[in-house]
Amino acid sequence: MWKTLLVLSLHLSYTAIAQEIHREDYTIASDPGVRIFVREIRARKHSRKPPILLLHGGGPGAIASFDLSVPGGSLAEDLAKAGMDVFIMDARGWESSTRPDYDTTRRWVIAGSAAEVSHDIDAVVEFITEKTRKKRVTLFGWASGGHWMGYYACMYPDKIAALIMLNSLYNVKAPWAYTRVFRNPLDTTQFNYASTPVLRRASAAMLIENWNSVIPSADKSSWRDPAVAEAYQHTAISFNADSVLEVPGGYRAEGFYTAQGKGLWQAKDIRVPVLVVRGAYDTWSRPEDMAALENKLVNTPKKQFVTLPEGTHYVMLERPEKGRARLVEEIKAFNQKRK
């Protein structure tokens with residue numbers, strides 16, 4: 001029996017291009033006192049492909065990242081239309097999942113660590129396998145979500161059909177755009193805990209500034225639909241009373257050390273098929289991450305590497321021709337039942 005408390009099951013459906021998409025929301029138990037939000041998105045008929053679980057990164061949570069209620073704003077819906085049973089989740093402290101009572105006066109606290117999030121992933125994977133009666137789940141992680149999924153995949157290969165990482169760091173020392181931002185000025189090999197709050201806070205304006213900064217064009221509307229950008233901003237900040245995104249910030253320290261080659265997991269420990277996708281304009285991951293993974297994924301039965309020539313960090317929310325359509329096709333082709 002899955003470790004689940006069904007707090008709510010919200011059934012939503014609508015017809016799009018003559019295809020009915022169903023959404024159901026759940027809240028399931030993870031660690032004691034931690035409840036994790038899960039949404040299922042699927043077509044009327046269940047897929048023969050392994051179910052796929054999408055995990056956000058260190059910014060906005062699952063709905064803002066993968067299931068905005070505007071055309072072109074839902075990667076989850078596009079995957080469901082492509083014939084997959086899709087689940088999205090909020091790690092602890094994001095959107096509708098509960099946040100542990102972190103001591104924010106202690107700056108060295110790693111809030112939302114890979115170890116913590118792995119418990120949340122495992123609870124959701126157990127829930128999905130029992131609900132769908134499928135033995136394995138395909139894992140998809142964006143940015144820090146890929147880091148968390150990789151950590152989890154090292155421990156539970158028998159529960160995983162495949163691992164897909166989008167714009168994620170790997171454990172290799174190489175130049176990183178955020179090293180100067182996060183390093184301790186008194187010891188540049190260490191993370192700057194003293195000046196980095198335990199929780200990350202960002203306004204709607206800051207979120208769109210971050211997105212604008214990675215688009216290599218003055219005409220932002222040529223890369224994204226303005227309606228998607230507006231929905232992203234509004235959704236991301238809608239889960240806090242003060243209309244500010246507030247999420248656990250431990251991913252920043254883990255990202256810093258991972259970019260210095262002092263990460264938490266090794267590619268040789270992954271024994272499931274792996275697809276690594278990177279946007280050529282991504283500023284979080286680096287080409288060196290893909291090269292290192294290609295060299296060190298020595299025990300995986302299949303590995304594939306894709307660079308999206310016009311992809312940015314937010315490729316799943318941008319226009320189809322800017323890498324989003326190819327991302328969907330690559331996921332669809334890779335998500336297959338394995339022996």
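What is the local net charge at Asn192, summed over the other residues whose Cβ is closer than 13 Å to its Cβ (Lys, Arg +1; Asp, Glu -1)?
Numbers: positive: Arg107, Arg180, Arg183, Arg252; negative: Asp187.
With Lys, Arg at +1 and Asp, Glu at -1, the net is +3.
Add +1 for every Lys or Arg and -1 for every Asp or Glu among the other residues with Cβ under 12 Å from the Cβ of Ile110, and state the total.
0
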Item to check | Value in Å of the Kirkwood radius, where segment 31-119 supplies the Cα pairs that are averaged | outcome: 14.3 Å
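If Rh is defined by the Kirkwood formula over all Cα pairs and Rg also comes from Cα, what ratio Rg/Rh do you get for segment 18-66?
Taking Rg over the Kirkwood Rh, I get 1.02.
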Next on the checklist: Using 5 Å bins from zero, what percent of all Cα-Cα pairs in segment 234-285 falls into each bin?
Outcome noted: 4, 13, 13, 16, 20, 15, 11, 6, 2
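Using alpha carbons only, what's the Rg to Rh ratio of segment 12-334 with Rh from Kirkwood? Write out the running numbers ahead of the final one.
Values: Rg = 18.3 Å, Rh = 19.7 Å.
Reported Rg/Rh, Kirkwood definition of Rh: 0.93.
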Next on the checklist: Taking the number of other C-beta atoms within 10 Å as the exposure measure, put Arg133, Arg200 in order starting with the fewest.
Outcome noted: Arg133, Arg200
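Can you give the net charge of the other residues whose Cβ lies under 11 Å from the Cβ of Trp94, counting K and R as +1 and D and E as -1? Present the calculation step by step, with values, prior to reporting the outcome.
On the way: positive: Arg92, Arg99, Arg200; negative: Asp90, Glu95, Asp120, Glu246.
Result for the neighbourhood of Trp94: -1.
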Item to check | Overall Cα dimensions of segment 170-274 - principal axes, largest extent first, Å | outcome: 41, 38, 28
Checklist entry - Setting aside same-chain residues fewer than 8 positions from Lys262, which lysines have a Cα under 16 Å from its Cα? => result Lys173, Lys296
Next on the checklist: Just want the answer: with Cβ charges of +1 for Lys and Arg and -1 for Asp and Glu, which residue in Met165, Val124, Ala143 is farthest toward the dipole's positive end in segment 100-169?
Outcome noted: Met165
Checklist outcome for this item: Once amide hydrogens are built 1.01 Å from N within the peptide plane, the residues lying 5 or more places from Gly61 or on another chain with amide H under 5 Å from its amide H are Glu95
Checklist entry - Order of Val86, Val70, Val272 from fewest to most other C-beta atoms within 10 Å? => result Val70, Val272, Val86
Item to check | Reduced Cα scattering model of segment 59-99, Debye log10 I(q)/I(0), q = 0.19, 0.28, 0.35 Å⁻¹ | outcome: -0.56, -0.92, -1.12
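Each reported figure results from applying straightforward, stated rules to the coordinates on display, with no laboratory input. Just so it is clear, the model here is predicted, and its values are computed rather than measured. Because the Cβ atoms are built from the backbone with ideal geometry, glycine has one as well, and the counts that use them run over all protein chains shown.
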